Amino acid sequence: MYLERYAELRYIEEKKAAGEYDSDRTTRQGDLNAVVTQEIAYNFARAFHFLGFLELAAEYYQRALKLPISRLAESGSGEEESLCDLRREAAYNLATLYISSGAMLKARELLKEYCTID
């Protein structure tokens, strides 16, 4: 699949840039699967949102929120980067769906949980 190959190549390029790439070792498939799955769910949600299938968009945004963060999104110092973590974007887009449907409380809770800076 195109997105899987794209994520694999992006992962390899990031490792090369960081000087951590070992061409003899295979890529960590678990990390790639987490990124690809979250990214695919988010992309499906965006497509459904654009096409006006709001129920399907909400379902896929919720899937993207529930999927685990990949180790690719964690830096060596223990801090998380938002490079591969699409939860903020999914939460914001899902909140806009909730607002347009009148569910202001759900939107507020979602934005408070995923989109606020402590």
Provide E14, E89, E39 ordered by accessible surface of protein heavy atoms (probe 1.4 Å), highest first. E89, E14, E39
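At a 1.4 Å probe radius, which order do C84, C115 fall into by accessible area, largest first? Present the calculation step by step, with values, prior to reporting the outcome.
Working: C84 5, C115 50 Å².
Result of the area sort, largest leading: C115, C84.
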Solvent-accessible area of R10 with every protein chain in place, 1.4 Å probe, in Å² to the nearest 10: 60 Å²
Of I117, I99, I12, I69, ordered by accessible area with the largest first and a 1.4 Å probe, the sequence is I117, I99, I69, I12
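The values are calculated or read from the model by the stated rules, or taken from the named source; none is laboratory data. Source: prediction; values computed, not measured. Only protein heavy atoms, including side chains, enter the accessible area calculation; ligands, DNA and RNA are left aside. Shrake-Rupley method; radii C 1.70, N 1.55, O 1.52, S 1.80 Å.
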